[in-house]
1. Taking the 0 to 90 degree range and rounding to the nearest ten, how far is the long axis of helix 188-200 tilted relative to the main principal axis of the chain, both from C-alpha atoms?
2. Please list 3J(HN,Hα) in residue order for the range 13-24, calculated via the Karplus relation 6.51 cos²θ - 1.76 cosθ + 1.60 where θ = phi - 60°; whole Hz, with x for glycine and proline.
3. Provide the per-residue ³J(HN,Hα) series for the range 43-56, in order, calculated from phi with Karplus coefficients 6.51, -1.76, 1.60 and θ = phi - 60°, each as a whole number of Hz, with x at glycine and proline positions.
4. So what is the relative contact order of the range 34-116, in percent, for Cα pairs below 8 Å that sit 6 or more residues apart?
5. Taking only Cα atoms, what is the 0 to 90° angle, nearest 10, from helix 116-131's long axis to the longest principal axis of the chain?
6. Tell me, in nm to one decimal, what length is gained between residue 159 and residue 27 on full extension, where the rule is 0.36 nm per residue of separation less the Cα-Cα distance?
7. So between residue 133 and residue 110, what do we pick up on full extension, going 0.36 nm a residue minus the alpha carbon distance?
8. Please give the contour-minus-distance gain from residue 7 to residue 79: 0.36 nm per residue of separation, less the Cα-Cα distance, rounded to one decimal in nm.
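The values are calculated or read from the model by the stated rules, or taken from the named source; none is laboratory data. Because the structure is predicted, anything quoted here is derived from the model rather than measured. In this analysis, Cβ positions are derived from the backbone assuming ideal geometry, glycine residues included, and neighbour counts consider all displayed protein chains. In case anyone asks, the SASA skips ligands and DNA or RNA and just uses the protein heavy atoms, side chains included. Shrake-Rupley method; radii C 1.70, N 1.55, O 1.52, S 1.80 Å.
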Amino acid sequence: MGDTSENVIVAVRVRPFSRRERAEGAECIVRMKENETQLIHSSDPSENRSFFFDYAFWSHEPLATPFASQEDVYNVLGTRVLDSATEGYNVSCFAYGQTGAGKSYTMMGTQSDPGLIPRVCANLFEHVDAVAVEKVKHVVEVSMLEIYNESLRDLFNPALKNQRLRVREHPKTGPYVEGLTPMVTTSATEVQTCLQDGLKARGFAMPYRAPRRPQT
């Protein structure tokens, strides 16, 4: 991204135990040191495993030092996304993990502790205002889709839920989703409103055997 030497950055984050996990007496088997993540086998140390990522965020214990807050994650990852995007690069940032892993919290967060997307949007509009000059126009469009059962669905136009969207390749701008509704926004607040409307249109009817939620 941007002037960095790496085109792909991979980070891992450990979330706190849920209420259920605490009630069941769950034990954290993850240890982190800088960019190394260790999985500890409680009864057989020979089975311990180490993995290395570009970044490892320890968010398991809020009172621990160091503790990776939402702001810390943004300062490391979100700023890279924003810098590369404003330099003209196509940038993607997505979270992967099983249901309950903390993807939505990292990406969206809460009203009092926003995640990557709200923070990137807020700073994007600050950047637009800072570089605004005469005869230069900035347009920020938002679109939102759901990938569910191998199908793409436009979350800003849920009335067309039976219409299959298709991924196309533009010779100049690259891949795009044909027919996806773009929403022109002028502030981070408008982006947040669009995202909340899109989230309401997500599909939640999942077969019991399917462990993953629909992805947006």
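1. Relative to the chain, helix 188-200 is tipped by roughly 70 degrees.
2. Those phi angles translate into 9, 9, 8, x, 5, 6, 4, 5, 5, 5, 5, 8 Hz.
3. The phi angles translate into 9, 9, x, 5, 8, 4, 10, 10, 10, 10, 10, 5, 9, 10 Hz.
4. With pairs under 8 Å counted, the relative contact order is 19 percent.
5. 40
6. Values: separation 132, 0.36 × 132 = 47.52 nm, distance 4.54 nm.
Gain in length upon complete extension: 43.0 nm.
7. Working: separation 23, 0.36 × 23 = 8.28 nm, distance 3.39 nm.
Residue separation times 0.36 nm, minus the Cα-Cα distance, leaves 4.9 nm.
8. Numbers: separation 72, 0.36 × 72 = 25.92 nm, distance 1.48 nm.
Computed gain between residue 7 and residue 79 is 24.4 nm.
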